[in-house]
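Asks: Attaching a single structure in structure tokens format; questions to follow.
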Amino acid sequence: MGSCAHHDFIPVTLCLVLSPMKLFAISDLHLDHRANREALQDLPAFTDDWLILGGDICSSPRHLREALDTFCARFAHVVWVPGNHELWVDDRDPFDSSVAKYEELVEVCRHSGVSTPEDEYPLWQGPGGTHRVVPLHLLYDYSFRPGSVAAESAVDWAVESGVLCRDEYQIDPGPFASKAEWCRARVDYSRHRLRECSDGTPLVLVNHFPLRYDLVRTMRIPRFSIWCGTRATEDWHREFGASVVVSGHLHMRCTDYRDGVRFEEVSLGYPRDWRRERGIEHYLREILPGPAQARYHHAGPFWQF
Ligand SMILES: [Fe+2]
Ligand SMILES: [Fe+2]
């Protein structure tokens with residue numbers, strides 16, 4: 001686009017043809033599954049485009065390193081946020097806690113030139129206008145639950161329905177006393193940084209977990225919602241001036257609109273959640289410039305197949 005700007009006689013439409021730069025997003029690649037790893041090798045190059053990786057890419061630093069090699073060779077820039085699977089630790093891991101593992105994954109990303117929630121938020125300058133892309137690592141605090149359920153009883157309430165997220169025994173929040181405390185610290189840190197960078201540039205907010213409770217659609221296991229986000233971010237799309245909010249985790253690909261802001265759930269998912277014959281490229285969601293259709297004030301879900 002930069003070179004086009006110097007030639008006033010070139011029509012805008014031609015500029016777009018010459019510079020078809022796009023911002024894509026995908027999450028929940030779950031590369032621990034061999035079928036997903038193999039499919040990734042068939043992904044073509046999108047040389048001028050950027051890619052957002054929305055978490056649950058894999059659970060081991062080695063797989064993350066390999067995945068980033070693949071993505072960095074195919075995209076102009078990559079932005080990463082962790083999912084819950086990235087934070088899993090067990091006795092065989094060299095990490096003291098999930099917090100230590102997260103710090104190691106940030107270093108893996110930085111080594112590849114990939115933007116993380118700890119880095120300066122990159123500026124997208126392309127079709128759709130200048131946007132600040134904001135990777136977030138916010139976790140959850142069990143507040144996505146009915147008001148009648150006390151915070152201390154949230155996990156028991158979910159277990160009563162036969163649901164227990166593996167995070168309960170594989171995410172170690174130390175030195176924080178609990179995952180809810182780690183979440184609170186992440187929310188405070190991110191809110192502070194968002195206020196600091198607020199200059200009217202529209203944002204693309206990226207978080208593994210949905211920012212709003214009403215977008216958590218866990219129909220078959222409704223009480224799983226407690227492991228899906230925090231009510232603290234319910235209004236961040238308006239408070240910080242987002243154009244688009246990107247999340248994953250639910251493995252239910254869809255687009256919603258709230259207050260005129262587009263919310264994109266961009267999961268690929270386990271091998272059962274997507275169709276191999278379509279290739280992973282079919283599941284890359286275009287975030288910018290985005291869909292040509294009119295924006296809605298409040299609508300969705302528009303399921304993405
Ligand atoms: Fe996932
Ligand atoms: Fe997840």
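Asks: Between Gly300 and residues 5 or more places away or on another chain, which pairs have amide H atoms under 5 Å apart, with H built 1.01 Å from N, and which residues are they?
Replies: Tyr257
Asks: Let me ask something else. Starting from 0.36 nm per residue, how many nanometres of slack lie between His111 and Cys72 once their C-alpha separation is accounted for?
Replies: Separation in residues times 0.36 nm, less the Cα-Cα distance, equals 12.9 nm.
Asks: Okay, moving on. For Gln41 and Tyr213, what does the FRET efficiency come to when R0 = 41 Å and r is the distance between their Cβ atoms, rounded to the nearest 0.05?
Replies: According to the calculation, E is roughly 0.65.
Asks: Could you work out how far helix 61-74 tilts from the main Cα principal axis of the chain, as a 0 to 90 degree angle to the nearest 10?
Replies: 10
Asks: Need the full-extension length gain, Ile221 to Arg92, defined as separation in residues times 0.36 nm minus the C-alpha distance. One decimal, nm.
Replies: Full extension from Ile221 to Arg92 adds 43.4 nm.
Asks: Based on a Kirkwood Rh over C-alpha pairs, give the Stokes-Einstein translational diffusion coefficient of segment 115-184 at 37 °C and viscosity 0.692 mPa s in µm²/s.
Replies: Estimated diffusion coefficient is 218 µm²/s.
Asks: Now a separate question. With θ set to phi - 60° and the Karplus curve 6.51 cos²θ - 1.76 cosθ + 1.60, what are the ³J(HN,Hα) couplings of segment 281-289 in order, to the nearest whole Hz, using x for Gly and Pro?
Replies: Per-residue couplings from phi come out as 4, 4, 9, 6, 8, 7, 8, 9, x Hz.
Asks: Using 10 Å bins from zero, what percent of all Cα-Cα pairs in segment 41-158 falls into each bin?
Replies: 12, 36, 29, 17, 6, 0
Asks: Quickly estimate the mean residue ellipticity at 222 nm for the chain, helices only: each DSSP H run with n ≥ 4 gives -39500 (n - 2.57), and the total goes over all residues, rounded to 500.
Replies: -7000 deg cm²/dmol
Asks: Using DSSP, restrict attention to beta bridges with both residues in the chain and report what percent are antiparallel, rounded to the nearest 5. Don't jump to the answer; show the numbers that get you there.
Replies: Numbers: 13 of 36 bridges.
Antiparallel bridges make up about 35 percent of those DSSP assigns within the chain.
Asks: Can you tell me the 0 to 90 degree angle between the C-alpha axis of helix 98-111 and the longest principal axis of the chain, rounded to 10?
Replies: The angle comes out near 20 degrees.
Asks: Shifting gears a bit: Hey, for a label at Val159 modelled as a point 7 Å past Cα toward Cβ, could you say which residues of segment 168-191 have their backbone N under 16 Å away?
Replies: 168-171, 179, by backbone N distance to the label point.
Asks: Sort His77, His297 so that the residue with the fewest other Cβ atoms within 10 Å of its own Cβ comes first and the one with the most comes last.
Replies: His297, His77
Asks: Of the trypsin sites (Lys or Arg not before Pro) in segment 212-256, which ones lie in a loop per DSSP and count no more than 14 other C-beta atoms within 10 Å?
Replies: Arg220
Asks: Over every pair of different alpha-carbon atoms in the chain, take the mean of 1/r and invert it; report that Kirkwood radius in Å.
Replies: Taking the inverse mean of 1/r over all distinct Cα pairs, the chain comes out at 19.9 Å.
Asks: Calculate the FRET efficiency for Glu118 and Ser60 from the Cβ-Cβ distance with a Förster distance of 22 Å, rounded to the nearest 0.05.
Replies: 0.65
Asks: Which ordering of Val89, Val149, Val261 is given by a fewest-first count of other beta-carbon atoms within 10 Å?
Replies: Val149, Val89, Val261
Asks: Where both residues lie in segment 125-277, what percent of DSSP beta bridges are antiparallel, nearest 5? Can you show the working numbers first?
Replies: On the way: 5 of 17 bridges.
Taking every DSSP beta bridge within segment 125-277, about 30 percent pair in antiparallel fashion.
Only the coordinates and a few stated rules stand behind these numbers; no lab work does. Because the structure is a prediction, the values reported are computed rather than measured. Because the Cβ atoms are built from the backbone with ideal geometry, glycine has one as well, and the counts that use them run over all protein chains shown.
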